[in-house]
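Heads up, the thing below is written out as structure tokens.
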Amino acid sequence: MPQSATIVPLNPITPTIQPATVTGHADPDGYLRVCRQSESADRHARLAIYPRPTLAPGDEVLTMTDGSGRDYIVGILTCANERQETTAAIRLGDGAVARIDRTSDNESLKLFSPKNELLIDYQSQTGTVRVNAASGNLEFSATHGSIAFRSAGDIHIDGNHVAVNGRTDLHLGVQDSPERAGPAIAMQAQQMRLTAPILDLTAQRAQLFLQETRIAGKKLLGRIGNVQLISRKIESVADTVLARAKNVYRTISELSQLKAGRQRTIIEKTSHTKAQKTIFKSETDFKVKAEKIHLG
């Protein structure tokens, strides 16, 4: 027997196409917030253009709503970045996107994270490569090798806390010329060495705690307003010692001894000696010469 078929009428699909303005950036799935002129609330429309263009708030697009109420962006009316032409894009499974962007005067290769954050940006015109970690850490690791940074220009390191650690030794140096080495700081286990043709040290306050100190040089010049030195023993060896002062005051609680091959004292005005007991002893001659001599 022949079977009869039942015809069920389907709801008519009446897609609508209207212009809208972009009000937000695209998420990793390609959805943007848009607002139509006749509506006050935003809609979430999916990009139906490949490769996906870079749209920003304020751009005007053409949206289409299907019979199920889903919104799509099917065209671009005005775009602030309309001169830029996206020619290639590769999307990874986690949502990361690698894209080549071309403009009239530059080409760039960009890598975006699943959160649409710019990670790597290479500008072909200038040769500049920028690595950016907007919400994470940036780490360089060579487990079985070395890491070298070389630059014909300057290298700047700026951070809240900068730590440089060498397990065996650490060396910082400036090469003045190929024939002559400049200032350098070398640090090894239990040893630090600083070498420089000229060393300038400027500080508001300095403190040095040294167990043993040795200073060797040809000439020492010091200009200090006030000097206070506390020591258990001071020993100095010199060929000639010259001291000039306006007033000299010395207080010695026990013994003051001078041993010299010859001694000469020249006093322009008055010489005054006061002691509880005075002894002058000479091996050969003892001379006293003056216009008047008072004894007693």
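The values are calculated or read from the model by the stated rules, or taken from the named source; none is laboratory data. Since the model is a prediction, treat every value here as computed from it, not as a measurement. Neighbour counts run over all protein chains shown; Cβ positions are idealised from the backbone, glycine included. With ligands, DNA and RNA removed, areas are computed over all heavy atoms of the protein, side chains included. Shrake-Rupley method; radii C 1.70, N 1.55, O 1.52, S 1.80 Å.
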Rg and Dmax in Å for the chain, alpha carbons only: what are they?
44.1, 169
Given an 8 Å cut-off on Cα distances and at least 6 residues of separation, report the relative contact order of the chain as a percent.
7
Which residue, chosen from 116, 247, 76, occupies the Cα position most advanced towards the positive end of the dipole of the chain, where the dipole is computed from +1 (Lys, Arg) and -1 (Asp, Glu) charges on Cβ about the Cα centre?
247
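If Lys and Arg each add +1 and Asp and Glu each add -1, what is the summed charge of the other residues whose beta carbon sits under 11 Å from the beta carbon of residue 187? Please list the in-between numbers first.
Working: positive: 193; negative: 169.
Residues close to residue 187 contribute a combined charge of 0.
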Carbon/sulfur accessible area of the chain, % of total, 1.4 Å probe, equals 50
For the range 117-203, listing GluC sites (Glu not before Pro) in a DSSP loop whose Cβ sees at most 12 other Cβ atoms within 10 Å gives 139, 179
Name the chymotrypsin sites (Phe, Trp or Tyr not before Pro) in the range 110-153 that are in a loop by DSSP and that have at most 10 other C-beta atoms within 10 Å, would you?
140, 149
With a 1.4 Å probe and every protein chain left in place, work out the accessible area per residue of the range 85-240 in Å², rounded to a whole number.
98
